[in-house]
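Student: Submitted below is the structure of interest, expressed as structure tokens.
The values are calculated or read from the model by the stated rules, or taken from the named source; none is laboratory data. As the structure is a computational prediction, the values presented were derived from the model and not from experiment. When we count neighbours, we look across all protein chains shown, and the Cβ atoms used for this are built from the backbone with ideal geometry, even at glycine.
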Amino acid sequence: MALLPILSYPDPRLRTIAQPVKEVNDDIKTLIKDMFETMYDAKGIGLAASQVDRHIQLIVMDLSDDKSGARVFINPKVTPLVEEKQPYEEGCLSVPEVYDEVERPNKVRIEALDGKGKPFVEEVEGLLAVCIQHEMDHLNGVIFVDYLSRLKQSRARDKVRKVLKQRDKHLEPVKA
Ligand code: ZN
């Protein structure tokens, strides 16, 4: 298992369109494990392969408080089941410490393969519906701040730069 570096907004690699997974082989299974480890370490609830610079259609998610709700979505297709959109406050591991409201349909159908390559269809609502749409956006090179005003996008870029700088400081060796 390994922690994978997470790309940060506005890294252009986050704009790459993810390709379908051809086969759920050992390489993919290892990547899934590493993505879960990375997501849990960063205290996130969802992570798309795009965010760790692997541009394939793979999403991991866990909406539970105790790591008991691990879900894998491979080659997902998401269809809204309602027209009405509702606001939900979103954040993103690629846009650290930035949170804002995005409006999305809060009921969707998901068609995907699970972590073993088995197909499934599920109708979901609420947080899972919001989260899968946020992660699907990553696979399509879209980041949640794209929905915000230009001013908020520019503030988000400043904030991320600041947060990353702060993190770098903490990583510096202590010079005694
Ligand atoms: Zn995200």
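Student: Could you list all residues from region 43-80 that are in a strand (DSSP E or B) and either of a type in the set (Lys, Arg) or in contact with a Leu (Cβ under 6 Å, 6 or more places away or on another chain) (or both)?
Tutor: Start the filter on region 43-80 by keeping residues that are in a strand (DSSP E or B), which leaves 46-48, 56, 58-62, 70-80.
Within region 43-80, 48, 60, 71, 74, 75, 77 meet the criteria.
Student: Being without any contact (Cβ under 8 Å) to a residue 40 or more places away in the chain, surrounded by fewer than 17 Cβ atoms within 10 Å (Cβ to Cβ) and hydrophobic (A, V, I, L, M, F, W, C) narrows it down to one residue among 82, 124; which is it? Write out each step before concluding.
Tutor: Numbers: 124 fails: surrounded by fewer than 17 Cβ atoms within 10 Å (Cβ to Cβ).
Checking each option against the conditions leaves just 82.
Student: Same structure again: Checking the structure you have, find out if any residue of region 8-17 is in contact with an Asp or Glu (Cβ under 8 Å, 6 or more places away or on another chain) and of a type in the set (D, E, K, R). It would help to see each step written out before you state the result.
Tutor: Initial filter on region 8-17 (in contact with an Asp or Glu (Cβ under 8 Å, 6 or more places away or on another chain)): 13.
Cutting the leftovers down to of a type in the set (D, E, K, R) gives us 13.
Yes, the conditions are met somewhere in region 8-17.
Student: Looking at residue 53, is it within 15 Å of the ligand (Cβ to nearest atom), closer than 23 Å to residue 116 by Cβ and among the charged types (D, E, K, R)? Quick ask: steps written out before the conclusion?
Tutor: On the way: within 15 Å of the ligand (Cβ to nearest atom): yes; closer than 23 Å to residue 116 by Cβ: no; among the charged types (D, E, K, R): yes.
No.
Student: Does residue 57 satisfy being surrounded by 15 or more Cβ atoms within 10 Å (Cβ to Cβ) and under 30 Å from residue 167 (Cα atoms)?
Tutor: Taking the combined requirement at face value, the residue satisfies it.
Student: Shifting gears a bit: Could you list, in sequence order, the residues of region 84-127 that are more than 15 Å from the ligand (Cβ to nearest atom), outside any strand (DSSP E or B) and not basic (Lys, Arg)?
Tutor: 84, 106, 114, 115, 117, 126
Student: Here's something else I'd like to know. Quick check, is residue 115 over 27 Å from residue 10 (Cβ atoms), surrounded by 14 or more Cβ atoms within 10 Å (Cβ to Cβ), in contact (Cβ under 8 Å) with a residue 60 or more places away in the chain and in contact with a helix residue (DSSP H, G or I) (Cβ under 8 Å, 6 or more places away or on another chain)?
Tutor: Values: over 27 Å from residue 10 (Cβ atoms): yes; surrounded by 14 or more Cβ atoms within 10 Å (Cβ to Cβ): yes; in contact (Cβ under 8 Å) with a residue 60 or more places away in the chain: yes; in contact with a helix residue (DSSP H, G or I) (Cβ under 8 Å, 6 or more places away or on another chain): yes.
Against the criterion (over 27 Å from residue 10 (Cβ atoms), surrounded by 14 or more Cβ atoms within 10 Å (Cβ to Cβ), in contact (Cβ under 8 Å) with a residue 60 or more places away in the chain and in contact with a helix residue (DSSP H, G or I) (Cβ under 8 Å, 6 or more places away or on another chain)), residue 115 qualifies.
Student: Taking the condition of being more than 10 Å from the ligand (Cβ to nearest atom), free of Cβ contacts under 8 Å to residues at least 24 places away in the same chain, closer than 23 Å to residue 18 by Cβ and not in a helix (DSSP H, G or I), how many residues in region 134-166 meet it?
Tutor: 0
Student: List pairs: first residue in region 18-32 and touching a residue at least 12 places away in the same chain (Cβ under 8 Å) and closer than 15 Å to residue 119 by Cα, second residue buried (at least 17 other Cβ atoms within 10 Å of the Cβ) and polar (S, T, N, Q) anywhere in the structure, Cβ distance under 7 angstrom, at least six positions apart or on different chains.
Tutor: 20/57; 20/75; 21/57; 21/75
Student: Follow-up question, since we're still on this one. Answer yes if at least one residue in region 6-15 is aromatic (Phe, Trp, Tyr), part of a helix (DSSP H, G or I) and at pLDDT 95 or above, and no otherwise. Steps first, please.
Tutor: Narrowing region 6-15 to residues aromatic (Phe, Trp, Tyr): 9.
From what is left, the residues that are part of a helix (DSSP H, G or I) are none.
No.
Student: Please specify each residue of region 21-41 satisfying the condition of being within 16 Å of the ligand (Cβ to nearest atom) and either exposed (fewer than 15 other Cβ atoms within 10 Å of the Cβ) or over 21 Å from residue 90 (Cα atoms) (or both). Spell out how you get there, then give the answer.
Tutor: Kept after step one, since they are within 16 Å of the ligand (Cβ to nearest atom), are these residues of region 21-41: 35-36, 38-41.
Result: 41, single match.
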